Amino acid sequence: MSATSGSATATRRKLATAGFHLGAGALSVLWLLPIALVLVTSVRSFDDIAANGLGGLPHSFTLDGFRQAWVDGGQQRALINSMLVTVPTVLATLALASMAAFALSRYELPLRRTLLLVMLGGNLLPPQILLIPVSRISETLGLYDTLYALIGVQIGFGVGFYVFVLYGFMRSIPVEIQQAAVIDGASPWQIYWRIVLPLTKPALAALSALSFTWIFNDLLWAITVLRTDSQMPITASLIGLQGQYVSMWNVIAAGSVIAAAPTVAVFLRFQRHFVAGLNLGAVK
Amino acid sequence: MAAVVTGNPVAGEERERRTAKEDNGPRRKRSTRVPPVVLAFVLVPLLAEAFWVFWPAVQGFYLSLTEWDGVSAPRFIGLGNFREMLHDDIFRTAVLDTVLWLLLFGGLSALLGLGAALLLQQERRGVGFYRAALFLPVVFSLVATALVWQAMYQPDGLINQALESVGLGSLTHAWLADQDTALYAVIVPALWRQIGYVMILYIAGLKGIDPVLYEASKVDGASRWQRFRHITLPQLRSVNAVVLSVIVIDSLRSFDVVWALTRGGPYHSSELLSTYMYSTAFQSLRLGYGSALAVVIFVLAFGVIASYLVRAFREAD
């Protein structure tokens, strides 16, 4: 009797497993379908789409859409712009934020929690309240319509959040490590650079992956401080492409693929850090 | 914000170091003075943020009290912009759409994100792939997301074709061009992208629940639903608070996906406060009125910002 009930439990478990994979598999297919569709569309020819419809089965294979988006649509330039903004911004924001977090978490500065929360509060402000003044300020500085303005505002707006996350992380580093270095005569800079920063690497990796996608994907700040097409980063350029190649879905799809590729690459390469970053940011 | 912060000025670390007797006395002298370079470490980032965020924010509030075309000097008109909103039909639409967005986009992404997390929380074979599939859209730009879905929504796109193939041809639609469906059609891609994010937060929360609680309740004969209702949900309270804040702030900031898909149209039917603010300021060049709309967004977000900061303040110890 116990043998039969044992096999019944095993059968039930197998059924549950099959049910799980069926459900989760269907969900995944549903989620990946739009991505598959855009990949397929990007390598179809315009005539094929016109003749068989967007949802139809593909009858052609060509990289012409990519060529048009890349060369004629200016996506090459746009991708370079995006990288010129994203890489320095990520590096500068993390450098500045880690310094502030170091100072706030390792020294008894007056009002340090107030400072910390004021900085976090700045990041929580809805950006809409800043758009008009920021565009005006960058005009006054002669930075309007340059990538410097975009880098500046991205650093200023982002830094508070990173300080907050890194502060939480650095607080967990034991004080003793630092005290030993102080006794050995290490300067604050040496403590920061040689001791605390290396120990903060996991959080820095997580935040880099996260901030890369955030800054790379931004649209609002870009169209607020930039005007010329040749200055636009990839997201804004993609909107331009949409206007320029109305209903040429192969070009628009190819453009979307180009715009999504770098962040997807970062995600696939640093998936673990990426997920860790989201949790660091949210739970802290 | 200041009120929040002055509520409890004693930093945790100091509190730990003091004995109960010293609690109200002067601070104990510490051997580590704060070196100037450490001050610079804080001041440089703070100044960067002050210059690009705090100073513009102050200006933004001031500009909301002016009428300004961006060319001549701003003219102070007091609360005139806010009075104008009362009679502005587009503003009313934008507020209603923003509320609807908050409820539908926010509510569904929380519910479905939690559902996905419950389904995919267990470490078992293949679960990594499923999680990655749901999570992948999170890294897409909302603009790319929007364009992907624009292709799906086309008259000859996948959605209409799927409807026809299952015999629901009568439901086919120009989804984005119809005033009745545009807003909902915009919410779907936003959800597609957000659910994976919420799922990650909930999975982390679920992993943090002590398994002993479940084992004990099983021994006591609690049903699956009872365990969910009386253990999982209460234990997720702090994650819920995070998700709620993220959702409200994200909803009020939502811009890219609407801008890429409909620009708020047709006839403002998918207009959110954020898109209305942007087009008022940078297309109609009514910078004062645009600033006032931004203030409305700020006021709506304020409660969340404040409660987020209160929680952050407690946890900063």
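The values are calculated or read from the model by the stated rules, or taken from the named source; none is laboratory data. Quick caveat, the model's predicted, so the values are computed rather than measured. When we count neighbours, we look across all protein chains shown, and the Cβ atoms used for this are built from the backbone with ideal geometry, even at glycine. Side chains are part of the model used for accessible areas, which takes the heavy atoms of the whole protein and leaves out ligands, DNA and RNA. Shrake-Rupley method; radii C 1.70, N 1.55, O 1.52, S 1.80 Å.
Could you look through segment A:101-117, keep only residues that are more than 7 Å from chain B (Cβ to nearest Cβ) and part of a helix (DSSP H, G or I), and pick out the one that is farthest from B:Leu46 (Cα to Cα)? Per the criteria, the residue is A:Arg106. Would you call A:Gly152 assigned to a loop (DSSP other than H, G, I, E, B) and either touching a strand residue (DSSP E or B) at 6+ places or on another chain (Cβ under 7 Å) or over 30 Å from A:Gln68 (Cα atoms) (or both)? It is false that A:Gly152 is assigned to a loop (DSSP other than H, G, I, E, B) and either touching a strand residue (DSSP E or B) at 6+ places or on another chain (Cβ under 7 Å) or over 30 Å from A:Gln68 (Cα atoms) (or both).
Condition first: more than 10 Å from every other protein chain (Cβ to nearest Cβ), surrounded by 22 or more Cβ atoms within 10 Å (Cβ to Cβ) and among the aliphatic types (A, V, I, L, M). Now tell me which residues in segment B:271-317 satisfy that. Correct list: B:Leu272, B:Ala292. B:Leu100 falls short of the stated requirement of being more than 8 Å from chain A (Cβ to nearest Cβ), over 30 Å from A:Gly25 (Cβ atoms) and over 24 Å from the mean Cα position of the chain (by Cα). Is at least one residue of segment B:221-240 open to solvent by 50 Å² or more (accessible area, probe 1.4 Å), hydroxyl-bearing (Ser, Thr, Tyr), modelled with pLDDT under 90 and part of a helix (DSSP H, G or I)? Yes, there is a match, as at least one residue in segment B:221-240 is open to solvent by 50 Å² or more (accessible area, probe 1.4 Å), hydroxyl-bearing (Ser, Thr, Tyr), modelled with pLDDT under 90 and part of a helix (DSSP H, G or I).
Look at (1) outside any helix (DSSP H, G or I); (2) among the hydroxyl-bearing types (Ser, Thr, Tyr); (3) in contact (Cβ under 8 Å) with a residue 40 or more places away in the chain and you find that A:Ser60 fails only one, number (3). Evaluated against (1) over 30 Å from B:Ala73 (Cα atoms); (2) open to solvent by 40 Å² or more (accessible area, probe 1.4 Å); (3) β-branched (Val, Ile, Thr), B:Val246 falls short on exactly one condition, (2).
Within segment B:155-197, the set of residues being without any contact (Cβ under 8 Å) to a residue 24 or more places away in the chain, surrounded by fewer than 15 Cβ atoms within 10 Å (Cβ to Cβ) and among the acidic types (Asp, Glu) comprises B:Glu164 only.
For segment B:140-152, the criterion of being within 7 Å of another protein chain (Cβ to nearest Cβ) and farther than 18 Å from A:Ile35 by Cα is met by no residue.
Identification of helices (runs of 4 or more DSSP H) wholly contained in segment B:28-123 with 3 or more residues that are open to solvent by 50 Å² or more (accessible area, probe 1.4 Å) and farther than 27 Å from B:Arg193 by Cβ yields B:36-49, B:55-63, B:80-86.
Set side by side, the residues B:Leu108, B:Leu103 differ, and just one is closer than 30 Å to A:Phe212 by Cα, touching a residue at least 24 places away in the same chain (Cβ under 8 Å) and not hydroxyl-bearing (Ser, Thr, Tyr), which is B:Leu108. If you go through segment A:63-86 and keep only what is within 14 Å of another protein chain (Cβ to nearest Cβ) and outside any helix (DSSP H, G or I), you end up with just A:Gly73.
Tell me which residues, restricted to segment B:135-156, are more than 20 Å from A:Leu238 (Cα to Cα) and over 26 Å from the mean Cα position of the chain (by Cα). Passing the criteria: B:Pro155, B:Asp156. For residues that are more than 10 Å from chain B (Cβ to nearest Cβ) and charged (D, E, K, R), scanning just segment A:132-178, find the one that is nearest to A:Gly121 (Cα to Cα). Taking the candidates together, the pick is A:Asp145. Please state which one of B:Val148, B:Val139, B:Val127 is touching a residue at least 24 places away in the same chain (Cβ under 8 Å) and buried (at least 16 other Cβ atoms within 10 Å of the Cβ). Answer to the check: B:Val148. Flag not set for B:Glu215, criterion: within 12 Å of another protein chain (Cβ to nearest Cβ) and among the charged types (D, E, K, R).
Of the residues B:Val34, B:Val71, B:Val58, B:Val44, which is over 32 Å from the mean Cα position of the chain (by Cα) and under 24 Å from A:Val225 (Cβ atoms)? Selected residue: B:Val71, the only one of B:Val34, B:Val71, B:Val58, B:Val44 that is over 32 Å from the mean Cα position of the chain (by Cα) and under 24 Å from A:Val225 (Cβ atoms). Which is surrounded by fewer than 24 Cβ atoms within 10 Å (Cβ to Cβ), within 20 Å of A:Arg77 (Cβ to Cβ) and β-branched (Val, Ile, Thr), of A:Val257, A:Val266, A:Val251? Going through A:Val257, A:Val266, A:Val251 in turn, the sole match is A:Val257.
Residues are listed down the side, and each one gets a yes or a no for (1) of a type outside the set (A, V, I, L, M, F, W, C); (2) open to solvent by less than 30 Å² (accessible area, probe 1.4 Å):
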{"site": "A:Asp48", "(1), (2)": "yes, yes"}
{"site": "A:Arg67", "(1), (2)": "yes, no"}
{"site": "A:Thr86", "(1), (2)": "yes, yes"}
{"site": "A:Ala100", "(1), (2)": "no, yes"}
{"site": "A:Met119", "(1), (2)": "no, yes"}
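Any residue at all in segment A:215-223 that's more than 11 Å from every other protein chain (Cβ to nearest Cβ), crowded, with 16+ Cβ neighbours inside 10 Å and not β-branched (Val, Ile, Thr)? No, segment A:215-223 contains no residue that is more than 11 Å from every other protein chain (Cβ to nearest Cβ), crowded, with 16+ Cβ neighbours inside 10 Å and not β-branched (Val, Ile, Thr). Scanning segment B:254-265 for residues that are open to solvent by less than 60 Å² (accessible area, probe 1.4 Å) and not β-branched (Val, Ile, Thr) returns B:Ser254, B:Phe255, B:Asp256, B:Trp259, B:Ala260, B:Leu261, B:Gly264, B:Gly265. If you go through segment A:168-189 and keep only what is open to solvent by less than 70 Å² (accessible area, probe 1.4 Å) and of a type in the set (S, T, N, Q), you end up with A:Gln178, A:Ser187. The requirement of being at pLDDT below 90, within 30 Å of B:Gln161 (Cα to Cα), part of a helix (DSSP H, G or I) and β-branched (Val, Ile, Thr) is not satisfied by A:Ile35. Checking A:Val134, A:Val165, A:Val159 one by one, the residue that is touching a residue at least 60 places away in the same chain (Cβ under 8 Å), in contact with an Asp or Glu (Cβ under 8 Å, 6 or more places away or on another chain) and aliphatic (A, V, I, L, M) is A:Val159 and no other.
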